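The values are calculated or read from the model by the stated rules, or taken from the named source; none is laboratory data. Because the structure is predicted, anything quoted here is derived from the model rather than measured. Every residue, glycine among them, receives a Cβ derived from its backbone with ideal geometry; neighbour counts consider all protein chains shown. Heavy atoms of the whole protein, side chains included, go into the accessibility calculation; ligands, DNA and RNA do not. Shrake-Rupley method; radii C 1.70, N 1.55, O 1.52, S 1.80 Å.
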Amino acid sequence: MNLNLEGKTALVLASSKGLGKAAATALAEEGCRLALCARNEIVLKETAAEIQRKNDRPVFYRGVDVKNKSELEAFIHETAEKFGSLDILVTNAGGPPVKSFEESTDDEWYEWYEVTFMSVVRSIHTVLPFMKEQRFGRIINITSISVKAPVERLIFSNALRLAVVGLAKSLANELGPYGVTVNNVAPGYHLTEGLERIVKKKEEAGLARDVIFDEWKQRIPLRKIGMPRDLAGLITFLASEQAGYITGTTVQVDGGLYPGVL
Ligand SMILES: NC(=O)c1ccc[n+]([C@@H]2O[C@H](COP(=O)([O-])OP(=O)(O)OC[C@H]3O[C@@H](n4cnc5c(N)ncnc54)[C@H](OP(=O)(O)O)[C@@H]3O)[C@@H](O)[C@H]2O)c1
């Protein structure tokens, strides 16, 4: 299927590693011009060079902390100036720490609200004038399976990501008339450094690595942990013209882990 993404500008937040990098790579393979960001510029520069080398596509990057409003907005404006359009926004950020409710503090709630929710609000606010003028836009938020079923000891993710889902559904209504779609993807377990940090926490609590992975795989009907590219395929499709009649949805990519019917 030709996804008609050739020449589109895709801005992927938090994209030097893991799911963000996989999404950016897949979009570049489909012919998109890319804008990438992350906090560590050394790793980011390597990722940008790797994607550019493999795909021969322009890749723009900036060291940005997505919870920093001015850095985030400046990055988006610079991307629009450089490429002259903003067609696809993939929101993403580092995952909140492993904590139970009783371990969480006020300061952490505010910090993860900024990272998880306000980065989405601010980046959409900033891309919107461009997408509305173009009467075309694709906004895809990377959330988590925690929006369908809470994950043990991921209290910030379980609570704050639901705000992203509510926002996306509301925006689907507001932005539909302008040809802008808004959807969420909800990953289950995918092998990334982010997942490895969760594994490490469990190991520190006394669980063996094999036991952790075996327990996860037993709960996943497909009996395997996902790879980042397994999520990237869906993101690329949702960014395409063919997905133009899909908006306001949340789609899990979890090997069947989520047990509900809908
Ligand atoms: N992997 C999974 O199984 C899974 C499942 C469900 C949900 N998720 C969620 O999906 C998101 C991505 O997960 P991942 O596994 O790909 O994580 P990862 O392997 O840790 O990669 C995170 C990426 O985001 C960047 N980043 C982190 N915090 C940032 C910030 N404040 N500003 C800008 N860039 C930032 C990192 O680079 P720098 O550190 O240099 O900034 C890195 O490029 C997370 O929110 C995670 O909770 C992941």
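Counting only protein heavy atoms and a 1.4 Å probe, the chain has 49 square angstrom of accessible area per residue. The aspartates and glutamates within cross-link reach of Lys148, meaning a Cα-to-Cα straight distance under 12 Å and a gap of 8 or more places when in the same chain, are Asp254. For a straight C-alpha distance cut-off of 22 angstrom, the lysines reachable from Lys201 (same-chain residues fewer than eight places away being disregarded) are Lys17, Lys99, Lys217, Lys224. Backbone phi angles across the range 61-70, fed through the Karplus curve with coefficients 6.51, -1.76 and 1.60 (θ = phi - 60°), yield HN-Hα couplings of 9, 8, x, 9, 9, 5, 8, 9, 4, 5 Hz in residue order; Gly and Pro are listed as x.
Quick one: pull the percent of accessible area on the range 133-262 belonging to carbon and sulfur, 1.4 Å probe, ligands and nucleic acids left out.
Numbers: 3690 of 6610 Å².
The C+S portion of the solvent-accessible surface of the range 133-262 is 56 percent.
What a 1.4 Å probe finds exposed on the range 1-120 is 46% carbon and sulfur by accessible area, rounded to a whole percent. Under the combined filter of DSSP loop state and at most 12 neighbouring Cβ atoms within 10 Å, the range 133-183 retains these GluC sites (Glu not before Pro): Glu152.
Charging the Cβ of each Asp and Glu at -1 and of each Lys and Arg at +1, and nothing else, the dipole of the chain about its Cα centre rounds to 500 debye.
Straight-distance candidates among the lysines for linking to Lys132, with alpha-carbon spacing under 19 Å and chain neighbours fewer than 8 residues away dropped: Lys8, Lys82, Lys169. Sorting 203-210, 139-146 by their mean Cβ neighbour count within 10 Å, with the most densely packed peptide first, gives 139-146, 203-210.
Fully extending the segment from Glu41 to Thr249 would add 71.6 nm, taking 0.36 nm per residue of separation and subtracting the current Cα-Cα distance. Taking 7 Å along the Cα-to-C-beta vector as the label spot, tell me the Asn4-Glu73 distance in nanometres, rounded to one decimal. Going by the 7 Å Cα→Cβ label model, 3.4 nm. Helix 41-55 versus the longest principal axis of the chain: what angle, 0 to 90°, nearest 10, using Cα atoms? On a 0 to 90 degree scale, this one is about 60.
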